[in-house]
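Input: a single structure, listed below in C-alpha cells.
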Number of protein chains: 2
Amino acid sequence: MIETTTAKKPRRSSWKRSPNPRPARRTPPALGPTKMTSDHGEETLKIIPLGGLGEIGKNMCLLEYKDDILVIDAGFKFPDEDHLGIDYIIPNTEYLERKRGNIRGLILTHGHMDHIGALPYLLEKLGNPDIYGGALTRGIVAKRHEEFPHLPKLKFHIVKADDTAKFGDYFEVEFFHVNHNIPDDLALFIKTPKATIVHTADFKFDHSPTNGQPINLDHLRELGRRGVSVLMADSTGAEREGHSISEKTIMDNMELIFRESKQMIVFGTFASMVDRIQQIVWLSEKYGRKVVFEGYSMKSNVEIAKELGYIKMQKDTQITSNQVNDYPRSKITVIATGAQGQSNAALMRIANHEHRFIRLIKKDSLIFSSSTVPGNERAVQNLKDMFYRAGMKVYHYQMMDIHAGGHAQREDLGHMMEVMNPKILMPIHGQYSMMVSHSEIGQTKGIPEENIIIADNGSVIHLSNPDLENPISDKIRWWFDKRTVASNPILVDGLGIGDVGNVVLRDRQVLAEDGMFVIVILIDTKTGRVLTSPDIISRGFIYLKDNKELLAQVRKKARFVVEKTSAVGRVDTAYLKDNLREEIGKFLFQKTEKRPMVLPVVIEV
Amino acid sequence: MIETTTAKKPRRSSWKRSPNPRPARRTPPALGPTKMTSDHGEETLKIIPLGGLGEIGKNMCLLEYKDDILVIDAGFKFPDEDHLGIDYIIPNTEYLERKRGNIRGLILTHGHMDHIGALPYLLEKLGNPDIYGGALTRGIVAKRHEEFPHLPKLKFHIVKADDTAKFGDYFEVEFFHVNHNIPDDLALFIKTPKATIVHTADFKFDHSPTNGQPINLDHLRELGRRGVSVLMADSTGAEREGHSISEKTIMDNMELIFRESKQMIVFGTFASMVDRIQQIVWLSEKYGRKVVFEGYSMKSNVEIAKELGYIKMQKDTQITSNQVNDYPRSKITVIATGAQGQSNAALMRIANHEHRFIRLIKKDSLIFSSSTVPGNERAVQNLKDMFYRAGMKVYHYQMMDIHAGGHAQREDLGHMMEVMNPKILMPIHGQYSMMVSHSEIGQTKGIPEENIIIADNGSVIHLSNPDLENPISDKIRWWFDKRTVASNPILVDGLGIGDVGNVVLRDRQVLAEDGMFVIVILIDTKTGRVLTSPDIISRGFIYLKDNKELLAQVRKKARFVVEKTSAVGRVDTAYLKDNLREEIGKFLFQKTEKRPMVLPVVIEV
C-alpha cells in the first residue's frame, strides 16, 4: 500500500469507505501519484465524481471549496441484467445530502436523461437547489417535472453560452457553446480560488451542425490562453479513431434514402435527438412528405423543441397517426421511438402490427438512426429482423453514415487538449476502457501520466495550488484522498428509491433462474404430526399439472421430514423449516437438476 | 394471400402449423415464387430446416426423399434474456421423431456446439442414428457423451474430405474440405434423385490456414461443373464487406504482442477455437513461454485435439496452473475460457482474484481473441474494464486483427456462388438480416430473386425436377409447402427437455421483475373469521425488515377482505383467493408501484 495523506482529514460521519459491488480496488488507482502532502495547512479544492466514471450514464460530479459546493449534472442510467426489475440507477448522493446547505447551484449541461434523469429522485434530498441550464434543458426538465406532482417547484435559471454566473463565494462559471446532438449543450469554464477547471460536458466538434453554430474555436483558444488547470473531458468517443462525422454528412446520406424511396419512410431514433429530428423534418418537407411523431417522449420533446424554436417546421407538415391513410404512402415520414428494440415502444408496436394506423408493407424503408446502447444489441437485431422478414428496406448506421455519435472521437479529443492545454487531464463520462484510451491520447499530447486523473465514482480528488495567481502553476498538485464518499449506485424501483438492495436482487436472480416452491404444512402441536396433505404453490419451476407424481413424492418427503424431526421431541419450527428447505431442495434437484427457491411454511394448530 | 399447392399433400398427424413465438408470418416469404404446381404426381425432394435460420445457433436441417431422411447437424444455442433460467435451446425434432425409422444418417459437419450441442438431448428421440463426421468432431462428441452415461453407445463413423457415403437408397454424399476455425470442417456435395445439393457447412476461404490446407479451388470448380441445383450456404458473414482475414494475419499480429510483452500473456478465447489455440502454442514456443490451459472445456478440447494431432506442441510446453510461479512472468502464456464475460469461467476467476495460482499485475497482457457473441457485449465490456482497472494491457479485435471470424464474408460468398454456379441459392445459418444480405449477394451474381429460398425453421421446401438426368435443368422448380413442421424451440433446463414452457417462463419473468408475496391465512370454517395473524413470505419484492408498517397494513387488509367476503355467506375459497390476490396486489402497487406476484394461501380449519 502506498501512503497518501491529505491536508485536512475530515472525520465527519458522512465519509465512509464506499461499498463496491465489483471487486474492490486493492491498490490506489494505477495512474495516481505516489505520495503527496500539502503540509502548509492549505485548504484544497475537491473534485468528487458521483457517477459517470467507468460507466455510461448517471453523470454527476461536484466541486467543493470550503463551504461552497457546485454540482454538475444529475443523470440516471438504465439497469443491466444484474439489476432485475429495476427501473433506473441513480448516483449515490449521500455525501451531498449531508452538506445540502452548502450547495450553491446545480448545473445541467444539457437535456439528455443521462445528465438530468435523476433530478426528480434527488431534488428534495438536495434541498431543492437552484438549477442552471439552457432553455431546452429547462423545457425538458420542466415537462418531466409534471410527472412528479409531489415535488416542490423547480428553481430553474436559464443560462446561455457566454453567460457568467457566480456560485457562492468561490465559484464563477462561464458557460460556453459546444456541439452535441441536442441544442443548448453548455460546457463550463469554472474559476475557483485554487484552479481553473474546464468541464466539456458531452461534446463534439461539428463544423456544420444542424442547429446553431459550430464550436467557436477562437473563443476556446482564448479560454485556453487564460490557463486551464484541469480539463474534465468527455471520454465516450475515446475509443473511436479519427473525427466524428458531421451532421451535414448524415443529412446528405439520409437524403439519398428520401430521393430513392417511393413508399413510407420510418425513422427509429431517440426522442432526445432533437437535431436529428430537425433534419428529418427538413428532408420530409423538401420531398413533400408529412411527418408523424410516434411515442410519448418523442411527441413531448418535439412539442418542447418546437415551442422554443429548436425544431422548425412548416405549419402543415406535422400530422397525427390517424391521418396517415389520408395521404399516399410516398408522402409520409414516421419518426418513432424504440430504435433500441424496447418491447413497449412505438417501433415495436409497428413491427408487431399492433399500431392502429401505421401498417408497414414490403419496400417501405426503415431507418435506424441511432447507435445501439450496449446491452441492447440482441433486441435491436431482433427488431431489425422483424422488418427484414416483412420485406422492408432496412438501413442502419453500420451500412451507411445515417447516424453520428454525439461525442468527440480521438482526433477531436486531442484537438480539445491542444486548445485548452491543461495542466491536468481528468477523463470523465465513459467505460473504464474509454477513460484509459482518453488518458493515452493525453499522453501523446504531452500530458505526463502523473497529471492524468483516472478516478472512480466516489473518489475524492484534492487540488492544491500555493501559487494563487497562476492556475497553471508548476506548484499545482493533486492527490486522491484515502477515503472515498459513498458511491454504490442507488436503484429506483417503482416508488422506491434505494429500497431494493442486494438481498432483494439476489432473490430475484434465484427466482428468475428456477422459480419458487412454497410448501404449507399444518402440524398438530400436541402430536407433532402433519394434519392435512401439504399445500404446494410453485411458480417458474415446472408446470405442476404435468408433474403430479413429483408433487406426491414431495408431500411424502415433507411428511417424513416433519415426523423424523418431531420424533426427537418438541418441534422447533425454525429448525424444522431449515430441514424442510434443505431436504426438499435436495430432492427437487435430484429429480430435476433445477434449484427453485424452497419456502416452507409451518403452521401449528 | 398467394395460393401455393403441393404435388402431394401429406395429412399425417406429424404435420402441424408451427406455433410461432414471434409475430406470425402473415404472408408467404417475401422472396418466394408465386404459384407452382407439380401436376404430374412427381415425388418431390424435401428440404426442411429445423434450426439455424433467422438465428445464430442450433443449426439442423434434413433432406427427405420417399422413405429416406438425411439429417445435417444437431446444434444448440444459448438462451437470450427472454428465456430466464434456461440452459440451452435445441431444435424441435417432432417431425423427425415420428419418422425416426427413416433416418439413414446424421452428418455432423464440424465440432462446434452450435452444430453438435443438441445431440445428447436428441439421440434417443431420433433412435440413436448412425452419425458421420470428422475425427476431431468425433473426439469432441465422444468426450461430451461421457457426461450422459444413461445414453446408448454412439454409432459414430469417421469420415474425411473426399470420402463418399451412401445414405439409404437416394442420398450419396461426397465430403469436401472447407476452412473454418476448427479442423475437420466438412462441406457436403449431396446427390439425390431430384437435385444436387451443396451444403457449405460453416466455412471461409483461407489461403494460409493454421491447420491443414486451403480450400482446394480446383476441386470446388470440378464440383460446380457437375451441376449444382441448390447451394445451401453459410450466411453468418454476409453482412461483412470484403474477405475474411486469413489466420496468417492473425498470427502475425499476435506475434507483435509476444515480441513486445515482458510479462505474462493471457488469452481469452473459445475452447472450440482449436486453430487459434494452436497458433498461440506455436508463438509461445517460439518466444520460450510455457502454456497453461484454464477452464474445463479448454483442457478437455486441448486433450482431444492433441491426441488426434490437431494441436501439436513440444513435450515440455504445457504446464499446469500450480506451476505458474515456478517460472518468470515473462515465460508464461495462459489460454483461458471466458472471453464472453461468463461469470463462472476461468477468465472471470482470474479477473476477480479468485484464481489460486494465476494473479495478474500491472502491464500483464490480456488478449481477447474471439468475437463477442451478440447479447454478451455488456458482460465483455465489464470484464475488459476489470483488467483495464488493474492496469493491464488489453487487446481486442476492434483494436487490431487478433481474431478472424470463421465465416465467409461478402466477397467470399460471391466467390462460392461463382464457383458452384447454382440454380437455386438457399442462405442458411444466421440472423434474418444476414440471410437477406446473402440473397442480395446472390442477385448481384445473377441468381434471380425467385430462385433464392429464404426460409424459416420448420418450412418445408419441395424441389421438383422432371428432367432427371440434369441437376441444373431449367425445369427445376421449388416451392414452400403450405404447411410447416413444428419448429418452436425446445428449452433445456436442468434435466428437463421441453418441460419449461411459456407459462413457466412468464412466471419467471414476473418473479424476476418484482418478486413474490405469499400470504397464508387460517380461517375458521364455522365463523369465516381469520384465526391468527396471517403469515407473509416475500422474496425479491422489498426488504421486509425495513417495511414492517406496510406488512401490518397488508395483514389488516387481508383480514378485511376475508371478513367482507365471508359476510356474504359460505366462503368459496377460490373466490376468496381471487379477491385477496386482487386487493392485496392493488394495495401493494399503490404503496410501492411494484407488482410482485401475489399468492394467497387459504387454509380452513
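Some points to look at:
- Of the listed requirements (1) crowded, with 22+ Cβ neighbours inside 10 Å; (2) within 14 Å of another protein chain (Cβ to nearest Cβ), B:M399 misses just one: (1).
- Among the residues making up region A:93-115, those that are within 19 Å of A:N488 (Cα to Cα) and buried (at least 22 other Cβ atoms within 10 Å of the Cβ) are A:T93, A:Y95, A:L96, A:D114, A:H115.
- When the test is whether a residue is under 19 Å from the mean Cα position of the chain (by Cα), in contact (Cβ under 8 Å) with a residue 12 or more places away in the chain and surrounded by 22 or more Cβ atoms within 10 Å (Cβ to Cβ), B:G341 passes it.
- Test: A:T525 is polar (S, T, N, Q) and more than 20 Å from B:V601 (Cβ to Cβ): no
- Of the strands (runs of 3 or more DSSP E) lying entirely inside region A:463-538, those carrying at least 3 residues that are more than 14 Å from every other protein chain (Cβ to nearest Cβ) and crowded, with 19+ Cβ neighbours inside 10 Å are A:477-480.
- With respect to the stated conditions, A:L550 is surrounded by fewer than 19 Cβ atoms within 10 Å (Cβ to Cβ) and touching a Leu at 6+ places or on another chain (Cβ under 9 Å).
- Meeting the requirement of 1 or more residues that are among the aliphatic types (A, V, I, L, M) and crowded, with 17+ Cβ neighbours inside 10 Å, the strands (runs of 3 or more DSSP E) wholly within region B:118-199 are B:130-133, B:164-167, B:171-177, B:186-191, B:196-199.
- Inclusion of A:I447 among residues that are among the hydrophobic types (A, V, I, L, M, F, W, C), farther than 30 Å from B:I86 by Cβ, without any contact (Cβ under 8 Å) to a residue 40 or more places away in the chain and more than 11 Å from every other protein chain (Cβ to nearest Cβ) is warranted.
- Residue, nearest to B:G406 (Cα to Cα), within region B:211-237, restricted to residues that are assigned to a loop (DSSP other than H, G, I, E, B) and touching a Pro at 6+ places or on another chain (Cβ under 7 Å): B:S235
- Selection of first residues in region A:315-333 that are free of Cβ contacts under 8 Å to residues at least 60 places away in the same chain and of second residues that are basic (K, R) and in a strand (DSSP E or B), restricted to Cβ pairs under 7 Å at least 6 apart or on distinct chains, gives the following pairs, ordered by first then second residue: A:T317/A:K290; A:I319/A:K290; A:Y327/A:K290; A:K331/A:K290.
- Summed over region A:176-216, the residues that are out of contact with any Phe, Trp or Tyr (no Cβ under 8 Å at 6 or more places or on another chain) and aromatic (F, W, Y) give a count of 2.
- Scanning region A:587-605 for residues that are more than 41 Å from the chain's Cα centre (by Cα) and more than 8 Å from chain B (Cβ to nearest Cβ) yields A:F587, A:Q590, A:V602, A:E604.
- Taking region A:360-396 as the range and being facing chain B (nearest Cβ under 10 Å) and aromatic (F, W, Y) as the test, the residues that pass are A:F387, A:Y388.
- Check on A:I319, of a type in the set (A, V, I, L, M, F, W, C), over 29 Å from the mean Cα position of the chain (by Cα) and within 14 Å of chain B (Cβ to nearest Cβ): no
- Of A:I190, A:I215, all but one fail to be in contact (Cβ under 8 Å) with a residue 40 or more places away in the chain and out of contact with any helix residue (DSSP H, G or I) (no Cβ under 9 Å at 6 or more places or on another chain); the exception is A:I190.
- Selection status of A:S369, of a type in the set (S, T, Y), surrounded by 22 or more Cβ atoms within 10 Å (Cβ to Cβ) and under 25 Å from B:T372 (Cα atoms): yes
- Being modelled with pLDDT under 95, among the charged types (D, E, K, R) and touching a helix residue (DSSP H, G or I) at 6+ places or on another chain (Cβ under 9 Å) is not true of A:R410.
- Qualifying positions in region B:522-569 - of a type in the set (K, R) and closer than 30 Å to A:R581 by Cα: B:R539, B:K545, B:K548, B:R555, B:K556, B:K557, B:R559
- Looking across region B:539-586, just one residue is away from chain A (no Cβ under 14 Å), part of a loop (DSSP other than H, G, I, E, B) and either touching a residue at least 60 places away in the same chain (Cβ under 8 Å) or of a type in the set (G, A, S) (or both), and that is B:G569.
- The one condition from (1) free of Cβ contacts under 8 Å to residues at least 40 places away in the same chain; (2) assigned by TED's automatic domain parsing to the domain that holds A:D202 that A:S371 does not meet is (2).
- Any hit, region B:412-428, residues being polar (S, T, N, Q), assigned to a helix (DSSP H, G or I) and either surrounded by fewer than 24 Cβ atoms within 10 Å (Cβ to Cβ) or in contact with a Lys or Arg (Cβ under 8 Å, 6 or more places away or on another chain) (or both): no
The values are calculated or read from the model by the stated rules, or taken from the named source; none is laboratory data. Everything numeric in this text was worked out from a predicted model, so none of it was measured. So basically every Cβ, Gly included, is an ideal-geometry build from the backbone, and we count neighbours across all protein chains shown.
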